[in-house]
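All remarks here apply to the structure that follows.
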Amino acid sequence: MPIVSLGCMRFQQSWNRGGTPITKMSDVTNECQENLVNILRHAIHCGVNHIETALGYGSSEMQIGQALKVLFKEDGIKREDLIVQTKGFISQNMSKNDFKSSIVQQIERLGAGYVDLFSVHGVNTEDHLDWLFRHGDKGDLIDAVRELREEGKIRWIGFSTHAPAHIIKQAIETDAFDYINLHYHCMGSYTASGDGDETFEGNLQNIRLANKHDMGVFIISPYDKGGRLYAPSHKLRELTLPEMEPMDYGSYWLWYHNEHRKGDAARADTIVCGAARPSDLDQPVLAALRMLNEPEAAKADFEAVHSRITEQRESVFGKDWADNWQVGLPNYSHSPGKGSQIGNMVWLYNGIHMFGLLDFAKDRYGTLTGNLKNWDKTKPWKENLWANMGFNWMPGCAYEPDADYTEELKDVPEKNLERVKEAMEFVSKWCIPECEEEVPLEWQTAYDMRPWPAYPERS
């Protein structure tokens, strides 16, 4: 397994989430497919031979299948040189045979004969666990994947997740999976940020648990959901220069994680770079090559930057807050009345004040405001959860100024309570499109490494 993997969710023609779906290659532009082939070719040439896609990535599987034919024929690349991974959804109405048939179709689209890795895509709720392991007459959906492994169509079984930390823990403890795809980054754990207690925050404990269960750990989106590191703030870049750029720090933080966590060692095996163009891979690949070819210099540079980052994290509101801000905070799964994502709000507040991550926070908070508009307080929590199919992927509702959060904040230590309230009010003011506050230079974006919009973002 390479330490950098190729994520295939940014280079396809379409997400197929609106308008006319792209279902055949004649609907794909030559420009898009040529770019996709060049990304795969560049990745494999650089040693990034783990290719990760999904049914939910629109036309990605189909286009990759056609691209692999070209690379096998023209470039001398062999199937056994690649680690091919795809992912598939599950649903309440799906039977075991339905799921099995869907996976077979995915493998056929890829034209790879088999997949090295198959992930159940989005084990995000307790319902997903029920469908996998307690699905009654429809048949446990996990059995579909197991049968395909016995038939040689799948080699290793995993799951991907945007779930709260406690749901991820339950999934790991089933011992049904060989690996996990999850969010855990230098700037937080995305949807699980704010979960935890005095001993851990976010998905750290799940990394440790996966290690204990001998599972591979694949990190999702370290450069996007991990802080928008391809378009960093001036403040974050000020902290990482002159040794490296923020993307490099995000990579090294994960590769050296076992060492800089010290007594809290937790290993991550690979990090995924979702490439929209060949050059998107350059910085992760160069960082990996430097770590492998100049290990002492790379580690010394990382330690210097990590020291400054840690000092900044602890100096803004104090070390105690930096270490314990998450204690007692609920995210949506522990806020049955409002579905409030309070842990995430405080995480975004920290990111802005500590590292200037305002534009990143706006992206994340925008989802919470959208969810709030769709949340119906007259309906039960679970009905709201499934009313919007995207909710369990990007969950939680934004702050309501007139709401009473006494119940939600009952477990927050007294010493943290006022700052938690301040954080909720702050992000609700600064992270909305209507905000007219003058943005400090440190919070502004220093540069954006995306020279043009990714193809699926154009449709």
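Would you call Glu80 among the charged types (D, E, K, R), touching a strand residue (DSSP E or B) at 6+ places or on another chain (Cβ under 9 Å), assigned by TED's automatic domain parsing to the domain that holds Glu108 and part of a helix (DSSP H, G or I)? For Glu80, the condition - among the charged types (D, E, K, R), touching a strand residue (DSSP E or B) at 6+ places or on another chain (Cβ under 9 Å), assigned by TED's automatic domain parsing to the domain that holds Glu108 and part of a helix (DSSP H, G or I) - is not met.
Of the residues that sit in the range 120-142 and are in a helix (DSSP H, G or I) and aliphatic (A, V, I, L, M), which one is nearest to the chain's Cα centre (by Cα)? Looking at residues that are in a helix (DSSP H, G or I) and aliphatic (A, V, I, L, M), I get Leu129.
Taking the range 413-439 as the range and being farther than 17 Å from Leu368 by Cα, among the acidic types (Asp, Glu) and in a helix (DSSP H, G or I) as the test, the residues that pass are Glu414, Glu418, Glu422.
In the range 147-168, of all residues being assigned to a helix (DSSP H, G or I) and β-branched (Val, Ile, Thr), the one that is surrounded by the fewest Cβ atoms within 10 Å (Cβ to Cβ) corresponds to Ile167.
Among the conditions (1) crowded, with 16+ Cβ neighbours inside 10 Å; (2) within 25 Å of Lys169 (Cα to Cα); (3) not aliphatic (A, V, I, L, M), Gly111 misses just one, which is (2).
Against the condition acidic (Asp, Glu) and farther than 19 Å from Ser193 by Cβ, how does Glu294 come out, does it pass? In short, yes. For beta carbons closer than 9 Å, sequence separation of 6+ or different chains, a first residue in the range 377-404 that is in the same structural domain as Gly56 (by TED's automatic domain parsing) and surrounded by fewer than 20 Cβ atoms within 10 Å (Cβ to Cβ) and a second that is part of a loop (DSSP other than H, G, I, E, B) and among the hydroxyl-bearing types (Ser, Thr, Tyr), there are no qualifying pairs. Hey, can you tell me all the residues within the range 48-63 that are of a type outside the set (S, T, N, Q) and farther than 25 Å from Leu286 by Cα? Selection gives Ala54, Leu55, Gly56, Tyr57, Gly58, Glu61, Met62.
Consider the range 410-459 and keep the residues that are within 24 Å of the chain's Cα centre (by Cα) and of a type in the set (A, V, I, L, M). The one that is surrounded by the fewest Cβ atoms within 10 Å (Cβ to Cβ) is Ile432. Kindly indicate the residue of the range 241-271 that is of a type in the set (Gly, Ala, Ser) and either over 17 Å from Asn203 (Cα atoms) or crowded, with 20+ Cβ neighbours inside 10 Å (or both) and also farthest from the chain's Cα centre (by Cα) among those meeting that condition. Filtering first and then ranking leaves Ala266. When restricted to residues that are aromatic (Phe, Trp, Tyr) and in contact with a Lys or Arg (Cβ under 8 Å, 6 or more places away or on another chain), the range 46-93 contains 1.
Of all residues in the range 1-37, those satisfying the criterion of being among the hydrophobic types (A, V, I, L, M, F, W, C), part of a loop (DSSP other than H, G, I, E, B) and over 23 Å from the mean Cα position of the chain (by Cα) are Ile22, Val28. The single residue among Leu68, Leu40, Leu117 that is part of a helix (DSSP H, G or I), under 22 Å from the mean Cα position of the chain (by Cα), modelled with pLDDT of 95 or more and not polar (S, T, N, Q) turns out to be Leu40.
Candidates are the residues of the range 272-285 that are assigned to a helix (DSSP H, G or I) and of a type in the set (D, E, K, R); the one that is surrounded by the most Cβ atoms within 10 Å (Cβ to Cβ) is Asp280. A single entry from Gly351, Gly337, Gly328, Gly370 fulfils the requirement of being part of a loop (DSSP other than H, G, I, E, B) and modelled with pLDDT of 95 or more: Gly328.
The values are calculated or read from the model by the stated rules, or taken from the named source; none is laboratory data. Since this is a predicted model, take the numbers as computed values, not measurements. Positions of Cβ are generated from backbone atoms using ideal geometry, with glycine treated the same way; all protein chains shown enter the neighbour counts.
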